[in-house]
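The values are calculated or read from the model by the stated rules, or taken from the named source; none is laboratory data. Since we're looking at a predicted model, the values are computed, not measured. No Cβ is skipped: glycine too gets one built from the backbone with ideal geometry, and neighbour counts run over all protein chains shown. The area values use the complete protein model at the heavy-atom level, side chains included, leaving out ligands, DNA and RNA. Shrake-Rupley method; radii C 1.70, N 1.55, O 1.52, S 1.80 Å.
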Amino acid sequence: MNNKPLRVIISGGGTAGHIYPAVATADALRAELGAEGVEILFVGAEGKMEMERVPKAGYEIEGLPVAGLQRRLLSGANFALPLKVWRSVRRARRIVREFRPDVAVGFGGYASAPVLWAAQRMGVPTVIQEQNSYAGLTNRLLGRRARAICVAYEGMERFFPAPRIVLTGNPLRGAFGAEVSRPSAELRREAAAYFGFEEAAAAGQDKGRVKTKERKTLFVTGGSLGAGTMNRCVLGALDRLAERADEVQVIWQNGRYYDAQLAGAIGERPGGLPRNVWRGAFVERMDLAYALADVVVARAGACTVSELELLGRAVVFVPSPNVAEDHQTKNARALADREAAVLVADGAAEREAMACALELLADDRRRELLAANILRLGRPEAAAEVARTVIRIANEYGKR
């Protein structure tokens, strides 16, 4: 038996959708092998969020000067791109040579391509974790030499060699447990109090606070930075929501980027924010938001989809059109085709998304069907399954 610690390079980042699965897998590797049984080095892109978040999670990281192609083709950043790619590949080769990994794992993002490309050409076995239902071009090319491709959706034989595909689901760090998926009355009361929706039960309490009895909760989120479309959807529905204050309450995460702008717009609105709407830049207690939510309106990024699959919530997906190869629409379509979600296109969202969500809140049968169907798709052991695949590939093909 080999007592040397397993040496793993993990590359990827740029967005939370790449970082969190990568960190979740690193945590699972430590859980499988023990802290002394594995040495992990992350490689990210300089200036991106992984350079801050990965060290906070307790892992070492090195950065590459790689960057993506800008949408404005004549952008000065695009002219510097070939040099950055060349420098990134050289540095990736140096990192692989000096760290001597038994296996390299890519989770997508700018840094993943040069690291896996270098590793494959230096004889290091590689594993890809593809989060989306539609694989991007880079992963499709790298998948030709990868020893295993861990996927979250069925039917990925369109993009990768079938014998090397492993259906694992998307790893999630700190995934919510059954207490959030099936919240007790006590947890729902705690969540209602947290967002200021509790019923005033004793003399001297604030009588202006709204009651939660028989009221359904809608959770609208565009992510930590926010999404303009989602915010316009809620802003345009505030009058309707105010009229239904005895039936509906709303948790609205508007994102840091839009917070000041929305504060100004609501301040100019007669009556301000309806009393049955909580608004904030960021929800610190996502567990409480999900525990209280009956319907969710969200983008269709891979991590969001995977969270909702584990939680079993009726969801209206409004996919972002500003992502590579429109993969969010494909993510949402994969669920909508199974009656596990509702898909509303971004261009139609301001007309349809909130109306659809309010209809779901009023239709118990339809809402429960969607929630049950999406829950069946969840894979709570995804991080452990990816970690075991990484260990297997290292033992079968690595130079240990």
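Per-structure values
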quantity: Which of Thr389, Thr329 is most accessible, then next, and so on - probe 1.4 Å; calculated: Thr329, Thr389
quantity: Percent of Cα-Cα distances greater than 15 Å, calculated over region 134-201; calculated: 66 percent
quantity: Which of Phe176, Tyr59, Pro321, positive extreme of dipole for the chain (C-beta unit charges); calculated: Tyr59
quantity: Accessible surface of the chain, 1.4 Å probe, proportion on carbon and sulfur as whole %; calculated: 49 percent
quantity: Estimated [θ] at 222 nm from DSSP helical runs (n ≥ 4, -39500 (n - 2.57)) normalised by residues in the chain, nearest 500; calculated: -13000 deg cm²/dmol
quantity: Cα long-axis angle, helix 382-397 against the chain (0 to 90 degrees, to the nearest 10); calculated: 0 degrees
quantity: Unit charges on C-beta of K, R, D, E only; dipole of the chain, Debye; calculated: 1560 debye
quantity: Helix axis angle, 302-311 relative to the chain longest principal axis, alpha carbon, degrees; calculated: 60 degrees
quantity: Solvent accessible area, Å² - Asp364, 1.4 Å probe, full protein context; calculated: 70 Å²
quantity: Using alpha-carbon coordinates, inclination of helix 112-121 to the longest axis of the chain, degrees; calculated: 20 degrees
quantity: The chain, relative contact order in percent, only Cα pairs under 8 angstrom and at least six apart counted; calculated: 17 percent
quantity: With all protein chains modelled, accessible area of Leu235 [1.4 Å, Å²]; calculated: 70 Å²
quantity: Among Tyr397, Ala382, Ala340 - extreme Cα towards positive end, dipole of region 340-400, charges at beta-carbon; calculated: Tyr397
quantity: Tensor-based shape of region 308-395 (alpha-carbon gyration tensor, a/c under 1.5 rounded, otherwise prolate or oblate); calculated: oblate
quantity: Per residue accessible area in Å² of the chain, where ligands, DNA and RNA are left out and the probe is 1.4 Å; calculated: 47 Å²
